Amino acid sequence: MQTMRTWHFPWHWLWILLAVLALMMLIPAHARNNPPGAAQAPVLIPHVFLADYAMSRTEPKGCERPRAEQFFFTGDPYAYLWLRVDGVRKGDRPVVSWIRPSGVVHRVDRWDPLLTDGERCLSARIAISGDVPADEPGRWIARVEWNGMLLLENEFFVLDPSRPMITEK
C-alpha cells in the first residue's frame, strides 16, 4: 500500500525571518552598517526637541514666550522668530532661512555654534518696513535647520493695508 505525502509550508521559518526583521528595525541604520570604532554615519534627524516657537511683533526677551502673531503689516518694523529647544549639544549650528512668497530665499541667518548643552531659547528677526518684505507682501516662510536638518517651517503673512484683499467665505 502506498501512502500519500502531503507538503506543508514551513511556517516556523517565516516566523523566524519576521522576528529577525523586527529586531533589525529596532537597531538604528548607522549602528548596523558601522562596526564599533568606525566613523559613524551622520544622524538624519535633528537630535533636538522643538519645545515651543512663535512669530511676534515684539522682540523676545530670553525664554519668555512672546505674543504669537501670524499676520504682519508692511509698516511693521520687524517680524521676530522665537524658539525654545531642548537637547542642544555644544557645537550645534542652527540656521534660519527667510523665504519670499515666490519661493526664493531672501536671506539666511546663522547663529554662532552653540556653547552649551541642554535647553536654549533663540530668536531672529527680519526687517519688514523699508525692506523687501514691504515690497513683496504675501506668504513668507521662516525655515529653521539644525545642523543641516529641517527642524521647523513656519509660514507668516506680510499684508499691505493699502491693497484690497480677496477673502473666501
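Confirm whether L152 is assigned to a strand (DSSP E or B) and either among the aliphatic types (A, V, I, L, M) or at pLDDT below 95 (or both). Here the answer is yes, as L152 does meet what is asked. Against the conditions (1) open to solvent by less than 20 Å² (accessible area, probe 1.4 Å); (2) without any contact (Cβ under 8 Å) to a residue 40 or more places away in the chain, H106 satisfies every one except (1). Quick one: which of D76, D86 is acidic (D, E), in contact with an Asp or Glu (Cβ under 8 Å, 6 or more places away or on another chain) and either farther than 17 Å from L159 by Cβ or part of a loop (DSSP other than H, G, I, E, B) (or both)? Only one candidate passes the filter, namely D86.
Just checking, which of R100, R89, R110 is of a type outside the set (A, V, I, L, M), on the phi < 0 side of the Ramachandran plot and under 16 Å from the mean Cα position of the chain (by Cα)?
Numbers: R100 fails: under 16 Å from the mean Cα position of the chain (by Cα); R89 fails: under 16 Å from the mean Cα position of the chain (by Cα).
When all the criteria are applied, what remains is R110.
Just one of the listed residues (P77, P66) is exposed (fewer than 15 other Cβ atoms within 10 Å of the Cβ) and at pLDDT 95 or above, namely P77. Of all residues in region 109-144, those satisfying the criterion of being open to solvent by 60 Å² or more (accessible area, probe 1.4 Å) and within 27 Å of C63 (Cβ to Cβ) are R110, D112, L115, T116, D117, E119, R120, R125, R143. For region 88-103, a residue qualifies if it is open to solvent by 40 Å² or more (accessible area, probe 1.4 Å) and either of a type in the set (S, T, N, Q) or more than 30 Å from T74 (Cβ to Cβ) (or both), and the qualifying residues are R89, K90, R93, S102. In the set (1) β-branched (V, I, T); (2) without any contact (Cβ under 8 Å) to a residue 40 or more places away in the chain; (3) not in a loop (DSSP other than H, G, I, E, B), T116 fails one condition alone, (3).
The values are calculated or read from the model by the stated rules, or taken from the named source; none is laboratory data. What you see is a predicted model; the values in this text were computed from it and never measured. We place every Cβ from the backbone using ideal geometry, glycine too, and count neighbours over all the protein chains shown. Surface areas here come from the heavy atoms of the whole protein model, side chains and all, with no ligands, DNA or RNA. Shrake-Rupley method; radii C 1.70, N 1.55, O 1.52, S 1.80 Å.
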